Amino acid sequence: MLGVSTIAFGIGPLIAPRLFCRLFGVPYQADKSGAAMPIRAVGWRDLVNGIGLLLDTEHARSWLWLRFAFDAGDVVTTLSSLRPKEDLKPARLAALAASATVFDAVLLLLTAEGAS
């Protein structure tokens, strides 16, 4: 299930980067030729990670560690870009990334060797 939801989240930035940016308050300069590239890179990252989680069950924990690192990086990046008295959409993105990071951490703890 985690793989499917990660794939689904990755598809959004790939097919509709402008909408994805607008939903989360990420700047998107349509007049710049490479504006969609960074957000699409995040989409590809999540898509590949979701496929790994879904299909490579032998290395699922490694894929989960990778997802944890991605989500933690998203938290740091998003929080560092927040400005006082701005639109709250970037804060929602930070909260979403933080929730995903905590969820990943709980899954890593539950799947640790010797966890009962």
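Read the figures in this text as sums done on the coordinates, not as results from a lab. These numbers come from a predicted model, not from an experiment. So basically every Cβ, Gly included, is an ideal-geometry build from the backbone, and we count neighbours across all protein chains shown.
Points worth noting:
- When the alpha carbon gyration tensor of segment 2-110 is reduced to an equivalent ellipsoid, the three semi-axes, largest first, read 25, 17, 10 Å.
- The chain, helix-only ellipticity at 222 nm - DSSP H runs n ≥ 4, -39,500 (n - 2.57), divided by all residues, nearest 500: -24500 deg cm²/dmol
- For S99, the shell of other residues with beta-carbons less than 12 Å away shows a net charge of -2, using +1 for Lys and Arg and -1 for Asp and Glu.
- Sparse-neighbour loop sites [trypsin sites (Lys or Arg not before Pro); segment 24-64; at most 14 other C-beta within 10 Å; DSSP]: K32
- Rounded to the nearest whole Hz, the Karplus-based 3J(HN,Hα) values (6.51 cos²θ - 1.76 cosθ + 1.60, θ = phi - 60°) of segment 65-70 follow the sequence 4, 5, 4, 4, 5, 4, with x at glycine and proline.
- Model label sites at L82 and A112, defined 7 Å from Cα along the beta-carbon direction, differ in position by 2.8 nm.
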